[in-house]
1. Over the range 240-378, what number does the Rg to Rh ratio reach, with both radii from the alpha-carbon atoms and Rh per Kirkwood?
2. Return the distance in nm (one decimal) between the two label points of a simple spin-label model at S6 and Q367, each offset 7 Å from Cα along Cα→Cβ.
3. If I stretch the segment between R159 and D50 completely, what's the gain in nm (0.36 nm per residue apart, minus their alpha carbon distance), one decimal?
4. Can you show me the helix-derived [θ] at 222 nm for the chain, built from DSSP H runs with n ≥ 4 at -39,500 (n - 2.57) apiece and divided by the number of residues, rounded to the nearest 500.
5. Using the charge dipole of the chain (Lys, Arg: +1 at Cβ; Asp, Glu: -1 at Cβ; taken about the Cα centre), state which of G217, T275, A162 has its Cα farthest towards the positive end.
6. Residue farthest toward the positive end of the dipole of the chain, with Cβ of Lys/Arg at +1 and Asp/Glu at -1: which of L333, C145, M25?
7. Among M293, V241, Y306, whose Cα sits farthest toward the positive end of the charge dipole of the range 240-378 (+1 at Cβ of Lys/Arg, -1 at Cβ of Asp/Glu, about the Cα centre)?
8. As a footprinting exposure proxy, order M293, M324, M25, M59 by other Cβ within 10 Å, with the fewest listed first.
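Rule-based calculations on the coordinates, nothing more; no lab input. What you are looking at is a predicted structure, and each value in this text was computed from that prediction instead of being measured. Heads up, the Cβs are rebuilt from the backbone with ideal geometry, glycines too, and the neighbour counts pull from every protein chain shown.
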Amino acid sequence: MSGQSSPKVLFAWEHGHNFGHVSRMLALAHATAQAGAEPVWALPLARLDDEAFVRTGRMRWAAPTLARVVAARAPVSYADVLLGLGFADAAALLKAVQAWLQLFAQVRPAAVVLDYAPAAQLAAHLAGLRAAQVTNGFDAPPPGCPPFGWGVRGPYMERTNARKVAALDEVIRSVARAVGRDASLRSFLAHPTRWLDCVPETDPYGDARAGESRYVGPLGAPGDTEMAPWPDAAGSQAPRVFAYLRPAAPVWDTLRALAQAGANVLCVCPGAQATMRPDLGPAVHVVERPAPMGEVLRSADAVVNYGSTTFVCQALLAGKPQLMLPSDVEKWLVSRRVAQAGAGVVVRGGDRLDDAVRLLLSRSLLQGAQDVAHRYARKDWAAELAHFTGHAVRGAAVPAIGDARP
């Protein structure tokens, strides 16, 4: 690119707090830089000065956000999620979209990478910018936003969801009209190329997936890891169970059940020291620092987790049966897919934990997990990542729409 400046790829992040967002964006930004483009960041204000982003990108902006965001407590479909993220208020959404359009005009990116950034996604669609959505699949549903099936089901719920989908569609259409463009819920969801950092077996929407999508496997990994020793109090021939959990109600009961079933358990539980936890005995070792996932998964016989999408996918690709304790609908959808593949068991409130532990340790789930792992054993995920960066860097810059007013 002699005599020319490097094309810019704008990484847009609006929502989400966990390390998984940071990890996968940094992995993609590094690969994008290797392909000859310049990563540019638009981040939540609280993340703007994180050292990792300062090192990786020369330019950083605070991501435009909606003033009032009310998370849906029990979302029936992704329509509820979008409405809770501000898509119920056309005027507020228009203001956020205009701010993104102004940022696009200032940066003039060749492409936009979207990480849980629906307002930026709508702005990129209206501006005609090449966009790639990095997602575990949850925030990239089929156009009709089908119900999750998490709670109440039936005709009434279907009708209620249809009304919400129609209201969401009208909000998007009105915002598009305000900036002199045409758009709908369907075109908004279909605009970006979807780069799913998972495999089809953990995609929440599974066989309903349509449009331009590419599975790139789990992206990123914890940077500051430490391998803790496995306990051997249950005996050297006892099954080894690796648990990756958060300090919540079922955690200690789960670890106790595993120990009582005769397993040696190594558990990573960030924040565990700040909670009152019982004496679980010498067969359970609880640490807070992340472990090197590749190493610990190789030495584990089975895993327990709370439905963290990246870890669920990593464990599945390692061929390990899983017991999953999903803490929200997103994690439940991912966990359910693994169970449908015969590679895991899902525990929700009211389920018998002892039965699930016995199933996990019985080896009856092992074949299902190994079948999935063998399916991808020769998959070159690095090549998938390189394909992504080539796609992003080859995008041609598109002039942004002018600053339209309500």
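1. Numbers: Rg = 13.8 Å, Rh = 14.8 Å.
We get a ratio of 0.93 for the range 240-378.
2. Using points 7 Å along Cα→Cβ, the separation is 5.1 nm.
3. On the way: separation 109, 0.36 × 109 = 39.24 nm, distance 4.43 nm.
Result for the pair: 34.8 nm of gain on full extension.
4. Values: 14 runs with 158 residues, N = 406.
Value at 222 nm, helices only: -12000 deg cm²/dmol.
5. Positive-end residue among those listed: A162.
6. C145
7. It is M293.
8. Working: M293 20, M324 28, M25 24, M59 13.
Fewest-to-most ranking of M293, M324, M25, M59: M59, M293, M25, M324.
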